[in-house]
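Undergrad: The structure's right below; bear with me while I get my questions together.
The values are calculated or read from the model by the stated rules, or taken from the named source; none is laboratory data. The structure presented is a predicted model; accordingly, all values stated were derived computationally and were not measured. Cβ atoms come from the backbone with ideal geometry, glycine included; neighbour counts cover every protein chain shown. Remember, those area values only see protein heavy atoms, side chains included, never the ligands or the DNA or RNA. Shrake-Rupley method; radii C 1.70, N 1.55, O 1.52, S 1.80 Å.
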Amino acid sequence: MPIPKAELHLHIEGTLEPELAFALAERNGIALPFADPDALREAYAFADLQSFLDLYYELMAVLRTPRDFADLADAYLRRAQADGVRHAEIFFDPQAHTARGVPFDVVVEGLHGALSTSRDRYGISSALIMCFLRDQPVDSALETLASAERHLDKIIAVGLDSAEVGNPAARFAAVFERARELGLRCVAHAGEEGPAEYVWEVLDVLRVERVDHGIRSMEDPELVERLRAERIPLTVCPFSNVRLRAVDHLGFHPLKRMLEAGLVATVNSDDPAYFGGYVQENYDGVAAALELTDDQICTLARNSFEASFLDEATRSAYL
Ligand code: HPA
Ligand code: ZN
């Protein structure tokens, strides 16, 4: 039995398995530039974050209708149940869909349709986190946030993702300020490919409550001390870090050192269809490669609930 856990760093578009991509392409009359799912899988050898993002955005072309988004989310939730996931906070990238003519409401209604039944169908509570693409203009993020105002009952938080290096988070300060005024929680990707300064920036300028990835924080002892003292959670994604070459080998992953430093680190799958494993495979992978103790594995699972946006009573019941 997999240990009960929350998954907090999961891009729903990154759960698009090759077989589902081909099924949706056929349903929507779209031609994919790959012969079959196996040929597509062979393209999953990435040099860095950008080479992954290029394919990730390209494949989204198959997602067009509310039913497509609901099928995508339902497939993830079913898979997550098998991995012991009890709560999932799920990223989506609205700008990647509106930019190719899919209305914001289609994306949200489709995803929310699947999430609203996840507790009954899979015993998983769930919530949506809307990410802004940091390599797109601030005006586009503001427009996206305005579209979300009709759906505040369906979205718990905002995040920031896409190409990190050279796209400073500080540009999005006003967007995050407005999101907070609307009652949304705030998280951001930082310190995945970018240095520790990028983590300081999302803490101090965007004032996020949780950092996505954040592995390069370990290069800055002062930052580690701040994260530890303030119990700021980090949503770490070990398979992603290896596949995108932020870390050379799972055996060199900083996760164990993060735990030893007293950080609220969690384990997540990021884009599991692309990176070779869902969340339990990430747990098993790091447990073996880093020789984690049973206590450390329990701490990771407990951290995942502590770091979640569940209400206080539900959160404490898991701790
Ligand atoms: N980093 C940045 N952007 C992303 C990622 C990631 O790991 N996955 C999907 N979009
Ligand atoms: Zn991510």
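Undergrad: Within the accessible area of the chain, what % is carbon and sulfur when the probe is 1.4 Å and the other protein chains stay in place? Write out the running numbers ahead of the final one.
TA: Working: 6210 of 12340 Å².
Percent of accessible area from carbon and sulfur atoms in the chain: 50.
Undergrad: Further question: What are the semi-axes of the equivalent ellipsoid of the range 191-319, taken as the square roots of 5 times the eigenvalues of the Cα gyration tensor, listed largest first and rounded to whole Å? Display every interim value, and only then the final one.
TA: Details: eigenvalues 83, 73, 39 Å².
Output for the range 191-319: semi-axes of 20, 19, 14 Å.
Undergrad: For the charge dipole of the range 5-308, defined by +1 on Lys and Arg C-beta atoms and -1 on Asp and Glu C-beta atoms about the Cα centroid, which residue among Ala45, Gly166, Val187 has the Cα displaced farthest towards the positive pole?
TA: Result: Val187, furthest along the dipole toward the positive end.
Undergrad: On to the next question. Where does the chain land at 222 nm, in deg cm²/dmol rounded to the nearest 500, when only DSSP H runs of n ≥ 4 count, each adding -39500 (n - 2.57), divided by all residues?
TA: Values: 17 runs with 151 residues, N = 319.
Value at 222 nm, helices only, nearest 500: -13500 deg cm²/dmol.
Undergrad: Where does each of Glu143, Glu230 land when they are ordered by accessible area, with a 1.4 Å probe and the largest first? Before the final figure, lay out each step's value.
TA: Working: Glu143 135, Glu230 105 Å².
The most accessible residue leads, giving Glu143, Glu230.
Undergrad: Take every Cα pair under 8 Å in the range 5-308 that's 6+ residues apart, average their separations, divide by the length, and report that relative contact order as a whole percent. Present the calculation step by step, with values, prior to reporting the outcome.
TA: Working: 537 pairs, mean separation 59.6, N = 304.
Computed value for the range 5-308: 20 percent relative contact order.
Undergrad: Separate question: Hey, what's the chain come to in accessible area per residue, 1.4 Å probe, Å²?
TA: 39 Å²
Undergrad: From zero outward in steps of 5 Å, how is the percent of C-alpha pairs of the range 88-141 spread across the bins?
TA: For the range 88-141, the pair-distance distribution reads 4, 19, 25, 21, 14, 10, 5, 2.
Undergrad: Considering only the other residues whose Cβ falls under 11 Å of the Cβ of His189, what net charge follows from Lys and Arg at +1 and Asp and Glu at -1? Numbers along the way, then the final one.
TA: On the way: positive: Arg134, Arg210; negative: Asp161, Glu164, Glu192, Glu193, Asp212, Asp270.
With Lys, Arg at +1 and Asp, Glu at -1, the neighbours total -4.
Undergrad: Label-point separation (nm) for Ile30 and Thr65, each offset 7 Å from Cα along Cα-to-Cβ?
TA: Here the answer is 1.3 nm between the modelled labels.
Undergrad: Quote the accessible area belonging to Asp248 in square angstrom, nearest 10, computed with a 1.4 Å probe and with ligands, DNA and RNA left uncounted.
TA: 140 Å²
Undergrad: Over the range 27-132, what portion of Cα pair distances is larger than 18 Å, expressed as a whole percent?
TA: On the way: 3084 of 5565 pairs.
Every Cα pair in the range 27-132 considered, those over 18 Å come to 55 percent.
Undergrad: Between Gly194, Gly29, Gly183, which gets the highest mean-square fluctuation from a Gaussian network model of the chain, Cα cutoff 10 Å?
TA: Ranking Gly194, Gly29, Gly183 by mean-square fluctuation puts Gly29 first.
Undergrad: With every protein chain in place, what's the accessible area of Tyr44 (1.4 Å probe, Å², nearest 10)?
TA: Only protein atoms counted, so the area is about 20 Å².
Undergrad: Once you have the alpha carbon radius of gyration of the range 1-80, what is it after dividing by 2.2 N^0.38 Å, with N set to its residue count? Show your work: numbers first, answer last.
TA: Values: Rg = 13.7 Å, N = 80, 2.2 N^0.38 = 11.6 Å.
My calculation over the Cα atoms of the range 1-80 gives 1.18.
Undergrad: Which value results for Rg/Rh of the chain when Rg is the Cα radius of gyration and Rh the Kirkwood radius based on the inverse mean 1/r?
TA: On the way: Rg = 18.2 Å, Rh = 19.5 Å.
Across the chain, the Cα-based Rg/Rh ratio is 0.93.
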